[in-house]
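Every read-out reported here was derived from the displayed coordinates using simple, explicitly stated rules and does not represent laboratory data. In this text the structure is predicted, and so the values were computed from the model without any measurement. Neighbour counts run over all protein chains shown; Cβ positions are idealised from the backbone, glycine included.
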Amino acid sequence: MSSATGTRDQLRYLSIELTHFLSFREAKIELGDFVALVGPNSSGKSNAMAAIKLLRDIPIHGLPVAIARRGGFDQLRHRSSGRPYDPGIRINFQFGDAKASFYEIRLASLKGKQYEVKREEAKIYFGADEYTFVRTRDSIHWRDLIDGKAYDEASSKRRVRVPPGQSVIQFAFSEAGFWVSRVLSLTQNVEINPSRVGELQEPSSTREFEPDGSNLVSILELFDKDERAQLIDYIQSIVPGVEGYKIVHLADKLSVAFVQNEGAQGNREFLAKQMSDGTLRSFAIFVALLQPVRPRLLVVEEPEVAIHLGALHTLVQILREYSADCQVIITTHSADIIDDLDLDDIRVVWSEDGASHVSLVAEHSREPVRQGLITPGALLRSDALDPLSA
Ligand SMILES: Nc1ncnc2c1ncn2[C@@H]1O[C@H](COP(=O)(O)OP(=O)(O)OP(=O)(O)O)[C@@H](O)[C@H]1O
Ligand SMILES: [Mg+2]
């Protein structure tokens, strides 16, 4: 029996490292309970979040589909004036207080916009136990160290073959692969498209919330009584008139109807299609928060879009409370959101010399905030939220 089983639920994402990935040449994004990526349009915020989405798509859809969903391998590689290099992503995480674990994948191009996995590596630590694999172009080695005893492919005689364009984590041969799959699939990107939420939806049997909200009604069907009550509570804090919701079946499609209190006129029902973008967007974000397979890392891109200022404070408050159980990353242009944050929660993203960069807030920008002379939001408004290493 492993001495550290109790720590397996205490997963914490530490950082993401990007190499030649989209607009990044080399970058490390330190994570926390609640982190906000701030920076000009086109600076690379969404590109950084795309790395998390790509990693999640590997165990759920497989590496080829994960890459195709991003527009293909050629689109993934960092393009600059020089020759294109091979892209890589590394995610660092930790179980309980064990040593930091990681998973890393590097791709290389083949002829004709094709790619292969050049290297894939994981080291997972639970207390003193260690699960590892290293995959290169022509070999795969795995090794488990459990209660001081080592097991590997030689001792178990389990040989693995994986096609060059696939990730090894989808092939069940080692504990490390299993845990990496779990860690990657427990992240969730939320990029709600209100028109996809509003239109009639095809029933879907997946339990995975689609980032744009296009299978929201099918996810809603999985909610229990408590989740339904919590969802109504959340949505009422943003749109007070909404009393509840109902799932509606129209021919072979699904939608959701909102019950709205119209004062003296009593309650009226409106199909999602008729609801405002802000209502649909915040509703979908809440469904993502409450989905049955709860994420451990949630990415919400620009929560401020289409949301009234007063409601925005409430939404951010809800996200911050949620971040006690699930790490949250937001991207934002909103000085009002930034005003509510600690400077240590802010990651400044900027573009320079044809590449994106990320860093903490510079000391000279922090000092006036500490002295109470200016707020972080006011710094952002006056374009003075400088990064540590520009
Ligand atoms: N493969 C690539 N190589 C180099 N640069 C890229 C690559 N793919 C995208 N880019 C650059 O990244 C930019 C988009 O960055 P991104 O979407 O992350 O911006 P953002 O910070 O989210 O901006 P916004 O605030 O407008 O959403 C593109 O305009 C392009 O210049
Ligand atoms: Mg963006």
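The table below gives the values:
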{"read-out": "Estimated FRET transfer efficiency when R0 is 25 angstrom, pair Lys111-Lys28 (beta carbons, to 0.05)", "value": "0.20"}
{"read-out": "3J(HN,Hα) from dihedral phi, the range 68-80, Karplus parametrisation 6.51/-1.76/1.60, rounded to Hz, x for glycine, proline", "value": "4, 5, 9, x, x, 4, 4, 6, 6, 6, 5, 9, 9"}
{"read-out": "Extension gain, Glu221 back to Tyr85 (0.36 nm per residue minus Cα-Cα distance, nm)", "value": "44.5 nm"}
{"read-out": "Kirkwood-type radius of the chain, with distances r between different C-alpha atoms, in Å", "value": "22.6 Å"}
{"read-out": "Set of lysines with alpha-carbon distance to Lys225 below 17 Å, sequence-local pairs under 8 removed", "value": "Lys246"}
{"read-out": "Beta bridges by DSSP in the range 211-347, antiparallel share as percent, to the nearest 5", "value": "70 percent"}
{"read-out": "Beta bridge orientation in the chain: antiparallel %, DSSP, nearest 5", "value": "80 percent"}
{"read-out": "Sorted by Cβ neighbour density within 10 Å, fewest at the top, the residues Phe34, Phe223", "value": "Phe223, Phe34"}
{"read-out": "Candidates Ile247, Ile338, Ile91: whichever shows maximal mean-square fluctuation once the chain is modelled as a Gaussian network with Cα springs under 10 Å", "value": "Ile247"}
{"read-out": "Å³ per residue enclosed by the Cα convex hull of the range 194-294", "value": "92 Å³"}
{"read-out": "Per-residue Cβ neighbour rank within 10 angstrom, fewest leading, Trp350, Trp179", "value": "Trp350, Trp179"}
{"read-out": "The range 106-113 - phi-based ³J(HN,Hα) in whole Hz, Karplus 6.51/-1.76/1.60, Gly and Pro as x", "value": "10, 10, 9, 8, 10, 4, x, 6"}
{"read-out": "Size of charge dipole - the chain - debye, nearest 20, with Cβ of Lys, Arg +1 and Asp, Glu -1, no other charges", "value": "1640 debye"}
{"read-out": "Phi to ³J(HN,Hα) by Karplus 6.51 cos²θ - 1.76 cosθ + 1.60 over the range 88-103, Hz, x for Gly, Pro", "value": "x, 9, 10, 10, 9, 8, 8, 9, x, 9, 5, 4, 5, 9, 8, 9"}
{"read-out": "Entries of Lys123/Lys149; Lys45/Lys273; Lys28/Lys118 with Cα pairs more than 25 Å apart", "value": "Lys45/Lys273"}
{"read-out": "Arg207, Arg281, Arg296 arranged by Cβ crowding within 10 Å, fewest neighbours leading", "value": "Arg207, Arg296, Arg281"}
{"read-out": "MRE, 222 nm, helices only [DSSP H, n ≥ 4, -39500 (n - 2.57), over the chain, to nearest 500]", "value": "-8000 deg cm²/dmol"}
{"read-out": "Spatial separation of Cα centroids for the range 26-71 and the range 131-148, in angstrom", "value": "26 Å"}
